[in-house]
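Below is one structure, written out as C-alpha cells; comments come after it.
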Amino acid sequence: MCPNEAAGASRPCGICAMIERIEARQFPDTIAELPRSWMILGDAQFYRGYCVLFAKRHVSEINLMPREEAHELFDEMLAVGGAIAALTRPLKLNYECLGNQEPHVHWHIFPRQVEDPMRLAPIWVRAESERKVLLEDGDRRELIAGLRREIARLAPTARFP
C-alpha cells in the first residue's frame, strides 16, 4: 500500500502506482532497477533519451531520507545521467526534481541538443503535444538496449527486466 493511502491522503501517489506496475513487469519502458531507484524511458522523446528516475522509497523530499540513502540515490542519478550522456551526446543534460504534482522524489533527465531552437528554454515551455513524441518500436527498443548497456557499465549493481 502506498504510504499516501495509509496516511489517508486524498489520492494515492501516482509514482507509487507506477512502481507497482514496474515491479509487476507491466511497464514495457522499464530500463533498469537500481538498489534505490527505478529508471524508465520517459514519454517526451522529442528529447531522445529522456528518462525518469523514481526513488523506490516514497518520500516527498530528499532531505527527509536518511543521509546515506539519499547519497546512494544521488549516485544512481549521476550514473543515469552518465548513461544518457554517453548514448545521446547532448549539448547539456537537464535534471529536474520537482514533485509539485507527484510528491514522490523523482528526477526528469532530459538530453538537450544543439539543434533544438528552444535549447535555452526550460523543456516545459515547449507544447506538450510537441515534446511527447513516441518512438517507432524498433527505435525505442534500440534506445532502451543502449541505455541498459551504458547503465550496466556505470552502475554494476543494476538489474534489468
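The values are calculated or read from the model by the stated rules, or taken from the named source; none is laboratory data. Not measured: the values here are computed from a predicted model. Cβ atoms come from the backbone with ideal geometry, glycine included; neighbour counts cover every protein chain shown. All accessible areas refer to the heavy atoms of the entire protein, side chains included, with ligands and DNA or RNA removed. Shrake-Rupley method; radii C 1.70, N 1.55, O 1.52, S 1.80 Å.
Could you grab me the full set of residues in the stretch 61-71 that are part of a helix (DSSP H, G or I) and without any contact (Cβ under 8 Å) to a residue 12 or more places away in the chain?
Quick first cut of the stretch 61-71, residues part of a helix (DSSP H, G or I) only: 62-64, 67-71.
Those that are part of a helix (DSSP H, G or I) and without any contact (Cβ under 8 Å) to a residue 12 or more places away in the chain: 63, 64, 67, 68, 70, 71.
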Discussion item. For the stretch 44-102, give me each residue that is at pLDDT below 95 and exposed (fewer than 13 other Cβ atoms within 10 Å of the Cβ).
Written reply: 98, 100, 101
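Of all the residues that make up the stretch 12-41, how many are in contact with a Cys (Cβ under 8 Å, 6 or more places away or on another chain) and surrounded by 17 or more Cβ atoms within 10 Å (Cβ to Cβ)?
Within the stretch 12-41, the subset in contact with a Cys (Cβ under 8 Å, 6 or more places away or on another chain) is 12-13, 16-17, 31, 39-41.
Still in the list and also surrounded by 17 or more Cβ atoms within 10 Å (Cβ to Cβ): 13, 16, 31, 39-41.
Of the residues in the stretch 12-41, 6 are in contact with a Cys (Cβ under 8 Å, 6 or more places away or on another chain) and surrounded by 17 or more Cβ atoms within 10 Å (Cβ to Cβ).
Any idea which residue in the stretch 104-156 is nearest to residue 27 (Cα to Cα), counting only those that are part of a loop (DSSP other than H, G, I, E, B) and open to solvent by 90 Å² or more (accessible area, probe 1.4 Å)?
So in the stretch 104-156, the residues part of a loop (DSSP other than H, G, I, E, B) come out as 104-105, 113-122, 126-127, 132-136, 155-156.
Those still in the list that are open to solvent by 90 Å² or more (accessible area, probe 1.4 Å) too: 115, 117, 119-120, 134, 136, 156.
Values: 115: 31, 117: 32, 119: 30, 120: 32, 134: 15, 136: 17, 156: 22 Å.
Applying the filter and picking the extreme gives 134.
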Discussion item. If I filter the stretch 102-116 for residues that are in contact with a Cys (Cβ under 6 Å, 6 or more places away or on another chain) and among the β-branched types (Val, Ile, Thr), do I get at least one hit?
Written reply: yes
Worksheet item: Can you tell me how many residues in the stretch 35-60 are under 11 Å from the mean Cα position of the chain (by Cα), within 20 Å of residue 150 (Cβ to Cβ) and either basic (Lys, Arg) or outside any loop (DSSP other than H, G, I, E, B) (or both)?
Response: 9
